[in-house]
Number of protein chains: 2
Amino acid sequence: MRRHVLIFGLVGGLLIATLQYTEYRFVIIEHSVELYSALVAILFATFGIWLGLRITRSRETIRETVVVREVLVPAEAPALEPFAPNTAHQQTLGITARELEILTLIARGFSNREIATQLFVSENTVKTHCARAFDKLGAARRTQAVQRGKELGLLP
Amino acid sequence: MRRHVLIFGLVGGLLIATLQYTEYRFVIIEHSVELYSALVAILFATFGIWLGLRITRSRETIRETVVVREVLVPAEAPALEPFAPNTAHQQTLGITARELEILTLIARGFSNREIATQLFVSENTVKTHCARAFDKLGAARRTQAVQRGKELGLLP
DNA sequence: GATGTCGTCATCCTTTCGGATGATTTTACA
DNA sequence: TGTAAAATCATCCGAAAGGATGACGACATC
């Protein structure tokens, strides 16, 4: 967190500096101000959003783990509408929350790339989670993983 | 979410516009470029962070409400009797019996090759059936086809 | 006999998946 | 503060899946 802010400031300073530099070099063409403004705006906006998401992610995970413990009490209950994953099976198999999240997205028919964009991570990361989840489920394909997941009550 | 992005773009455009306007009015003092860059950067950064927080907060609340309901609503036995596919949907979509057969095998996690050996046909044939079924279901992937199939009551 | 549907099979080509492996960074917790 | 578990990302490579297209035979129907 502290690091983020630091990097943020650093990047900002660098950007300003390079702007200042390049401005007096070769891009004194017309409309440079608006162009630069737009560029900087876009850059910092995306960065800001990314930062915001990143910061709040930690809180989310905390909430999720809490949730898991609460759900553990009613235990073996195949609920139907708001789905409650079978945490017993999940824990015995050692399937993490993130892996389960990706499994549900797989079950809903998304490709790895789509999942990656939805979760704001790289496709490689998704593939890693997939591989681990498949291994834990003893599945060789995503369709098989989905099937196993449904059998075990991990997926709706 | 879509709304957010829209507002975001709108605000961005407005900002740029006002920048462009004011620039030619009275603030052509020196160092305007860097000043503006910095200003825009800060503005958009904070806005981005705010947006990020906002987006994730809604997700969090959703999670929480789900939890509460899960704890309150207990069980409901899962019905498991011989499955009868929804022939109405099947016919309107023009899905043949063979295609449905292959879809069920896909849903059970088999690969094309495995399906081919099970049905005593070539893998190419299976792939053709797959392609046709996916087309009729509007699916791009087998997982998506399975999901659609379950939604339509074609698959158990 | 012409037409149409269905099932079968093929080839070519691109995209997606999955396995193996290693590395770095967060996060949680003792 | 150190450690273990999670999460993240990457690269290489082979396998699986998917798209497009053409073809052929069996059967039913008009």
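Values in this text are rule-based calculations from the coordinates and carry no lab data. Source: prediction; values computed, not measured. Note that we place each Cβ from the backbone using ideal geometry, even for glycine, and neighbour counts take in every protein chain shown.
Distances between equivalent label points of A:Glu123 across the copies, with each point positioned 7 Å along Cα→Cβ, amount to 2.2 nm, shortest listed first. Peptides B:104-114, A:140-150 ranked from most to least packed by the mean count of surrounding Cβ atoms within 10 Å: A:140-150, B:104-114.
Only Cα sites of the stretch B:85-156 enter the Debye sum here, all with the same form factor; the resulting log10 I(q)/I(0) across q = 0.17, 0.18 1/Å is -0.52, -0.59, listed in q order. Here the label points at B:Thr96 and A:Gln91, each 7 Å from Cα along the C-beta direction, are separated by 5.1 nm in the simple model. Projecting label points 7 angstrom from Cα along Cα→Cβ for A:Gln118 and B:Gln118 puts them 2.6 nm apart. Taking 23 Å as the straight-line reach from the Cα of A:Lys136, the lysines in range (excluding those fewer than 8 positions away in the same chain) are A:Lys127, A:Lys150.
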